Amino acid sequence: MKKLTQVLLSTVLTVTMFSGLAEAHVTVQPREVTQGSYEVFTVRVPSEKDDTPTMKVEVKFPEGVSVSRFEPKPGWSYEVEENDDGRIEGVRWSATGEGLAPIEFAQFTFQGRVNDDATDLIWKAYQTYGDGDVVDWVGAEGSETPASVTTVKPLPAGQAADDHDHETAGAAVEGVETTNGGGSNASLLLSIAALVLGLIALGMSFRKRA
């Protein structure tokens, strides 16, 4: 029994270790979006080399998303790449200090809109270390250096992207109104009814005793 327990524990540790290694990639969140939606995307970068820090991260934006804004990050500067039409095609973050140490990770955030006809978004990323080594995160899923992929869900048939955004906002507003208005009134009425029933029951109890 003891030997079986040791084998099971070893298996769990091995699976956990390889699972951790599989996640130690440059990834873009969220992993799933909807056509026509406005999203805040986050590039998560772990520093994987033991002897040198990550100093630069470059991300190419797929055709299915229109990026418009970037969140400043202390200790890093960024430079955007535009085409002749003014579309932002990529961004390069560069460390202004010591960069990411081997046991550190960082998150870089930007905002964009998913195109109405977008398909899955493939994010090609390039991670540069202090010794000049560059890791190209552009491979297929299952490879040693895979590109991060965001799945794009289509809008329901007959629904426009603007309707989707308005419905999402409307649902949030309705939720607030229901909570602050109708929900509060209903709770008050239920409390009054419970109090009245309690008083009636108490009165009947005194009558029976008399």
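Do we have any residue at all in segment 113-120 that's surrounded by 13 or more Cβ atoms within 10 Å (Cβ to Cβ) and in a strand (DSSP E or B)?
Among the residues of segment 113-120, at least one is surrounded by 13 or more Cβ atoms within 10 Å (Cβ to Cβ) and in a strand (DSSP E or B), which makes the answer yes.
For the condition surrounded by 15 or more Cβ atoms within 10 Å (Cβ to Cβ), closer than 25 Å to Gln35 by Cα, of a type in the set (A, V, I, L, M, F, W, C) and in contact with a strand residue (DSSP E or B) (Cβ under 8 Å, 6 or more places away or on another chain), what is the one hit in Ala95, Ala140, Ala125?
Step by step, each of Ala95, Ala140, Ala125 is checked, and only Ala125 is surrounded by 15 or more Cβ atoms within 10 Å (Cβ to Cβ), closer than 25 Å to Gln35 by Cα, of a type in the set (A, V, I, L, M, F, W, C) and in contact with a strand residue (DSSP E or B) (Cβ under 8 Å, 6 or more places away or on another chain).
For segment 37-46, check the following and say yes or no: at least one residue is of a type in the set (D, E, K, R), within 16 Å of Tyr126 (Cα to Cα), touching a strand residue (DSSP E or B) at 6+ places or on another chain (Cβ under 9 Å) and in contact (Cβ under 8 Å) with a residue 24 or more places away in the chain.
yes
When you go through (1) over 21 Å from the mean Cα position of the chain (by Cα); (2) farther than 18 Å from Thr150 by Cα one by one for Glu104, which number turns out not to apply?
Going through (1) over 21 Å from the mean Cα position of the chain (by Cα); (2) farther than 18 Å from Thr150 by Cα one by one, Glu104 breaks only (1).
For a quick check of your reading of the model, give me the residue pairs whose first member lies in segment 129-142 and is under 17 Å from Glu104 (Cα atoms), whose second is of a type outside the set (S, T, N, Q), with beta-carbon atoms closer than 6 Å and at least 6 apart or on different chains.
As it stands, the answer is Tyr129/Lys49; Gly130/Pro53; Gly130/Met55, since those pairs meet every condition given.
Residues are listed down the side, and each one gets a yes or a no for (1) exposed (fewer than 15 other Cβ atoms within 10 Å of the Cβ); (2) of a type in the set (A, V, I, L, M); (3) at pLDDT below 95:
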position: Thr5; (1), (2), (3): yes, no, yes
position: Leu21; (1), (2), (3): yes, yes, yes
position: Val33; (1), (2), (3): no, yes, no
position: Val43; (1), (2), (3): no, yes, no
position: Pro46; (1), (2), (3): no, no, no
position: Tyr78; (1), (2), (3): no, no, no
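Could you list all residues from segment 79-103 that are part of a strand (DSSP E or B) and over 22 Å from Leu121 (Cα atoms)?
Scanning segment 79-103 gives Ser94, Ala95, Leu100.
Residue check: is Ile88 surrounded by fewer than 16 Cβ atoms within 10 Å (Cβ to Cβ) and in the same structural domain as Val45 (by TED's automatic domain parsing)? Walk me through how you get there before you give the answer.
Working: surrounded by fewer than 16 Cβ atoms within 10 Å (Cβ to Cβ): no; in the same structural domain as Val45 (by TED's automatic domain parsing): yes.
Against the criterion (surrounded by fewer than 16 Cβ atoms within 10 Å (Cβ to Cβ) and in the same structural domain as Val45 (by TED's automatic domain parsing)), Ile88 does not qualify.
Take Thr151 and decide whether it is of a type in the set (S, T, N, Q), under 16 Å from Glu58 (Cβ atoms) and surrounded by fewer than 18 Cβ atoms within 10 Å (Cβ to Cβ). First the steps, then the outcome.
On the way: of a type in the set (S, T, N, Q): yes; under 16 Å from Glu58 (Cβ atoms): no; surrounded by fewer than 18 Cβ atoms within 10 Å (Cβ to Cβ): yes.
Criteria not met by Thr151.
The values are calculated or read from the model by the stated rules, or taken from the named source; none is laboratory data. Please read all numbers here as calculations on a predicted model, not as lab measurements. Please note: Cβ atoms are built from the backbone with ideal geometry, for glycine as well, and neighbour counts cover all protein chains shown.
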